């Protein structure tokens, strides 16, 4: 849900001669923290091992969130 919200709301921040989206980067950081908490909870329940599908889905989600965060922090032309 955070990924969709960040496409609608922006807080452009001028860095050098480019613009980065500070709000997008912060929301992506919070999404990674939330994913980490879910990962810890899944590994703590049911004998201490998350199912394989959850591990794969978590890694893919973390990769997408990280890609969006890097895109948000990459300066664009003003």
For region 44-65, give me the residue count where each residue is within 30 Å of residue 17 (Cβ to Cβ) and surrounded by 14 or more Cβ atoms within 10 Å (Cβ to Cβ). 1
Can you find even one residue in region 54-75 that is at pLDDT 75 or above and part of a loop (DSSP other than H, G, I, E, B)? yes
Select from region 35-53 the residues that are touching a helix residue (DSSP H, G or I) at 6+ places or on another chain (Cβ under 8 Å) and assigned to a helix (DSSP H, G or I) and write down the one among them that is farthest from residue 12 (Cα to Cα). 42
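The values are calculated or read from the model by the stated rules, or taken from the named source; none is laboratory data. It should be emphasised that the depicted structure is a prediction, and the values quoted were computed from it without experimental measurement. As a convention, Cβ positions derive from the backbone with ideal geometry for all residues, glycine included, and neighbour counts pool all protein chains shown.
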